[in-house]
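Peer 1: Mind having a look at this structure? Questions to follow.
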Ligand code: HGY
Ligand code: MN
Ligand code: MN
């Protein structure tokens, strides 16, 4: 918990926590967490995608790796547990495993870009490590060398991630932890309406081509689209209080556990936006920056977690994305949720109880020992 506090002060912005892909603050976070990994007896390296990788090596020849991971990047004005808690629990578990002669390397990974704040992409770090980057992604980013982080699929035995729930369910059912069934798919869209800037005082209301009014209609349509939809960013380019917005850009984030429903909702919203553009005499730009399908967690590995938790463990879908969604493409992946106060996340008020974190640490340690028994 003290480490979460200390790491929570490594930020690229004054007075609030923001750490974005490949920034100096991210390198600082890697250096700090790397020092804790070394103290725990791990070898430490940073890969070409700025992922931090600690390893408790196995003595077994040809050993594969069990990874406990999460992300070290954050959203803007973030809480200090979304991501880092899962990495630091991994370091603590590895510390407990020293001298256990595990039949696999135990790795702790701090991924470098789960939130995707810098480029609106997500999972740059984990997708680079799994060799799942698309050419489009590399075209969108400055750090072209990250594809060199690719590791062979055969190296991975299993992936475990502990993460705050970022929702109110565990608090509601009074459970310290829960396990995740699926990670909801998400579509990240970047769009713009283009109208005509004009004088705010002399242009009659019925003769305007106001780009921001177009955005406003789409925001309200998204609210009623029947899926989880959010316009998180919106900007008038140039812009002044006495100028009618000529160009307005916005982002649209759409989620649903059912991929067909999510895709249909995105199609419907695009049609609505096009109709708004026609009616208001605007042009529309609409780009799907990234689409990630719903990722079911591995049933076998999840049952290892469930057994490690013990009686009456809550299973739930995750509305939030996690690196486990990517890791599930290359090896069995499972997630443990930790109760968080009021379900608050992506906000500095994010908080967890030390006793719940202790439960999560204990559950992951048991799960690692169970895997050691099975693969020994
Ligand atoms: O957006 C998400 O779901 C995650 O916090 N990156
Ligand atoms: Mn997260
Ligand atoms: Mn997050």
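Peer 1: Within the bounds of the range 90-107, is there any residue that is within 16 Å of ligand 1 (Cβ to nearest atom) and in the same structural domain as residue 18 (by TED's automatic domain parsing)? Lay out the reasoning, then the answer.
Peer 2: Looking only at the range 90-107, we keep the residues that are within 16 Å of ligand 1 (Cβ to nearest atom), and these are none.
Scanning the range 90-107, I find no residue that is within 16 Å of ligand 1 (Cβ to nearest atom) and in the same structural domain as residue 18 (by TED's automatic domain parsing), so the answer is no.
Peer 1: Here's something else I'd like to know. Right, residue 73: more than 22 Å from residue 331 (Cα to Cα), in the same structural domain as residue 368 (by TED's automatic domain parsing), touching a residue at least 12 places away in the same chain (Cβ under 8 Å) and within 14 Å of ligand 1 (Cβ to nearest atom) or not? Give the steps one after another, and end with the answer.
Peer 2: Values: more than 22 Å from residue 331 (Cα to Cα): yes; in the same structural domain as residue 368 (by TED's automatic domain parsing): yes; touching a residue at least 12 places away in the same chain (Cβ under 8 Å): yes; within 14 Å of ligand 1 (Cβ to nearest atom): yes.
Considered against the rule, which asks whether it is more than 22 Å from residue 331 (Cα to Cα), in the same structural domain as residue 368 (by TED's automatic domain parsing), touching a residue at least 12 places away in the same chain (Cβ under 8 Å) and within 14 Å of ligand 1 (Cβ to nearest atom), residue 73 comes out as yes.
Peer 1: Another question, if that's okay. Could you tell me which numbered condition residue 58 fails, if it satisfies all but one of (1) surrounded by fewer than 24 Cβ atoms within 10 Å (Cβ to Cβ); (2) touching a strand residue (DSSP E or B) at 6+ places or on another chain (Cβ under 6 Å); (3) under 23 Å from residue 138 (Cβ atoms)?
Peer 2: Among (1) surrounded by fewer than 24 Cβ atoms within 10 Å (Cβ to Cβ); (2) touching a strand residue (DSSP E or B) at 6+ places or on another chain (Cβ under 6 Å); (3) under 23 Å from residue 138 (Cβ atoms), residue 58 violates only (3).
To keep it simple, each residue is scored yes or no on (1) in a strand (DSSP E or B); (2) farther than 30 Å from residue 271 by Cβ; (3) more than 16 Å from ligand 2 (Cβ to nearest atom).
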| residue | (1), (2), (3) |
| --- | --- |
| 288 | yes, no, yes |
| 308 | no, yes, yes |
| 321 | no, no, no |
| 335 | yes, yes, no |
| 358 | no, yes, yes |
| 364 | no, yes, yes |
| 367 | no, yes, yes |
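Peer 1: Testing residue 55 on (1) in contact (Cβ under 8 Å) with a residue 12 or more places away in the chain; (2) away from ligand 3 (no atom under 15 Å from the Cβ); (3) farther than 20 Å from residue 334 by Cα, one condition comes back false. Which one is that?
Peer 2: (3)
Peer 1: Now for a different question. Of all residues in the range 108-132, count the ones that are within 11 Å of ligand 1 (Cβ to nearest atom) and at positive phi.
Peer 2: The number of residues fulfilling the criteria is 3.
Peer 1: Counting only residues that are surrounded by 21 or more Cβ atoms within 10 Å (Cβ to Cβ) and outside any loop (DSSP other than H, G, I, E, B), how many does the range 190-224 have?
Peer 2: 7
The values are calculated or read from the model by the stated rules, or taken from the named source; none is laboratory data. Please read these numbers as outputs of a predicted model, since none were measured by experiment. Counting neighbours? That spans all protein chains shown, and the Cβs are built from the backbone with ideal geometry, glycine included.
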